[in-house]
Amino acid sequence: MKRINVFMVIAAIGMIVASCGNGINSSAKLSSDLDSALYAWGVANGAGLREGLKTIPGAEDKDTFDALIAGFATALNGKTSALKMTPEEAQEYFQTYMMTAQTKQFEAARAEGEAFLASNRGKAGVITTESGLQYKVITEGTGKKPTEENVVKVHYTGKLLDGTVFDSSAEGEPVEFPVLGVIQGWIEVLQLMPVGSKYQIWVPSDLAYGEQGYGPIMPNSLLEFEVELLGIKE
């Protein structure tokens, strides 16, 4: 597992942590150019740190970060005997925590997706293919169906199971790509769609980004798309 960059970003806190380690000195006196520079560096990195902490499972639910600040301030002040773990132990503990917590998240995502598909299977108009892909026809076109050799032109919107839109062409120009240049679920459904069709599709994680995930898409995530097939580029 790669070392989490949040450890490097945390250094931004140290420049504005009160010496007692109980909080952040928000009323720091900027009595010199160096003070101002350090304060500016803290401000510039603070927002990024806050975002970085959101990558730690559970941290997004905390209102305060007393433990984080206390650990940092104690180490920063050189109070080695007061530390509850060595820097090496801290790094190992953090990595173990992250691996365990993320594994639980990923397993929960898979279970949530499987439960949704089981429930969705019986709904009106929903068709489940042999691979486990599910789709619903919004509009059935009358044109040709693409093959694996074709390049297609589409509009689409992709959502996570909670409704979060992670990608969309709806506000811009249609996109073109080879049928074989996308996730497996798309490869399958595009070949079922006559030009002019619009489908709502639900792609199991195994037919999407699987255990790797991609960008904002968590590993094992079920994905929902609305896809409109506008044309086939010969």
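No value in this document is a laboratory result; all are computed from the given coordinates. From a predicted model like this one, the values you see are computed outputs, not experimental measurements. Here the Cβ positions follow ideal geometry from the backbone for every residue, glycine too, while neighbour counts run over all protein chains shown.
Hey, if you drop one equal point scatterer on each alpha-carbon of segment 53-199 and run the Debye formula without solvent, what base-10 log of I(q)/I(0) do you get at q = 0.21 Å⁻¹? Log-scaled intensity ratios, in q order: -1.40. Length gained on full extension, Val137 to Lys29, computed as 0.36 nm times the residue gap minus the Cα-Cα distance: 32.5 nm. Segment Glu114..Gln200, full-extension length gain: 29.2 nm, with 0.36 nm per residue of separation and the alpha-carbon distance subtracted. A crude spin-label estimate for the pair Lys123 and Thr100, with each label 7 Å from Cα along the Cβ direction, gives 3.7 nm. Express in % the proportion of alpha carbon pairs of segment 112-233 at distances exceeding 24 Å. Result: 21 percent of Cα pairs exceed 24 Å.
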